[in-house]
1. Where in the stretch B:1-117 are there helices (runs of 4 or more DSSP H), lying wholly inside it, with at least 3 residues that are at pLDDT 95 or above and facing chain A (nearest Cβ under 9 Å)?
2. Please enumerate the residues belonging to the stretch A:94-144 that are in a strand (DSSP E or B) and away from chain B (no Cβ under 14 Å).
3. Quick check on my filter: what residues within the stretch B:121-143 are more than 9 Å from chain A (Cβ to nearest Cβ), more than 23 Å from residue A:58 (Cβ to Cβ) and either free of Cβ contacts under 8 Å to residues at least 24 places away in the same chain or not in a strand (DSSP E or B) (or both)?
4. Answer yes or no: is there a residue in the stretch A:45-57 that is more than 9 Å from chain B (Cβ to nearest Cβ) and surrounded by fewer than 13 Cβ atoms within 10 Å (Cβ to Cβ).
């Protein structure tokens, strides 16, 4: 791991901003602006009587407005003044140093603990949960920054928790850009409805055959967890997923998380037939995990002629499109000079 | 005033929500960004948006949250309470396009009277948003 990587890694777990109250408490005028702009017809946001008829004490703010109560506003956006101990500004400076100067939001996962009412005053603290290795995306090479924001009311009670993911990337030169940049730019195949014309971004990867027996594996992959099915009776690990233990016949199972280390057990290089979702040629490998099971996957970050049987590899996540996340592997260490 | 909307007992997993088409005007994209206190230039300044590699201004993620919220609660009725909104963004929402939201009830949690709705919003470029909304519903007319 190089020094820059170390410095980035040191941010994981750190607090980016000390919670401070939003500019304004929850109030009716801001709710009205939101509801008008969203064209939201729900009466409980502005009509006291309608809100009480639903069992509430009075009007409430839309749940989705949570983040808006903590936005920094116009002046601080056009003229940011980072204060001492402003972790966010420091992290952004470190990312700028790596060339990751642009940003797009990709994911927001909100859990709401209670509804907000006028007079509530919300603060948000933010902690770094993960910083990804550099990924190649349609907009340029970048890193996904995942943070967890905890929203608290004036009494310090948690009112919502949000997992928030942005891509910080090096913008590509205009001629390298895809025809239409996308807000989830690492997924160049995310246009299922777009006609398959030559100038359009590539097609979607083939859909995996997901069923009741293997859905857990693909769901875990979406959360960037590579899981291995384990027999609950005899503890034998197995892959691919199946309903029944091939060792002892038990139908009871759970999973373990793989650490993501393995080696190339076998591989082929596909040159033909061409498929619009893939750059030819590409590597299909059987990777044996340190846990012992093998899976069929793709190798990335290595040329076909450099792959060797037994080569140590590490897990990386491919965000193929909004509905498909897959584990792929790249060489674990710098390759030997020849 | 009578409590209107969906009752927990009457919702079945697999039920489809009515489709909702939302015209994405330039005014709407700017108005929603400002209503969410988001003054990033890519959401209101076409020249700077192009300079930063976009083809035009595009909708901000807070608005996508707001529209997914509106879609779920419009179907569920005013007594519903939103417990979670989890979204992943795809193709941007540009002015002049239309986003069509579809949804399916994907799970029920009887103990908490919660219903999970799988939501998808597509525009002419593909999926703008995929995700889930969890709402708590009244049962037997009581919130």
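The values are calculated or read from the model by the stated rules, or taken from the named source; none is laboratory data. A quick note: this is a predicted structure, and the numbers were derived from the prediction, not measured. Note that we place each Cβ from the backbone using ideal geometry, even for glycine, and neighbour counts take in every protein chain shown.
1. On the way: elements: B:26-35, B:46-51, B:61-76.
Passing ranges, in order: B:26-35, B:61-76.
2. Residues of the stretch A:94-144 in a strand (DSSP E or B): A:102-112, A:123-131, A:135-137, A:140-144.
Passing the criteria: A:123, A:125, A:126, A:127, A:128, A:129, A:130, A:131, A:135, A:136, A:143.
3. Within the stretch B:121-143, B:140 is the sole residue that qualifies.
4. Among the residues of the stretch A:45-57, at least one is more than 9 Å from chain B (Cβ to nearest Cβ) and surrounded by fewer than 13 Cβ atoms within 10 Å (Cβ to Cβ), which makes the answer yes.
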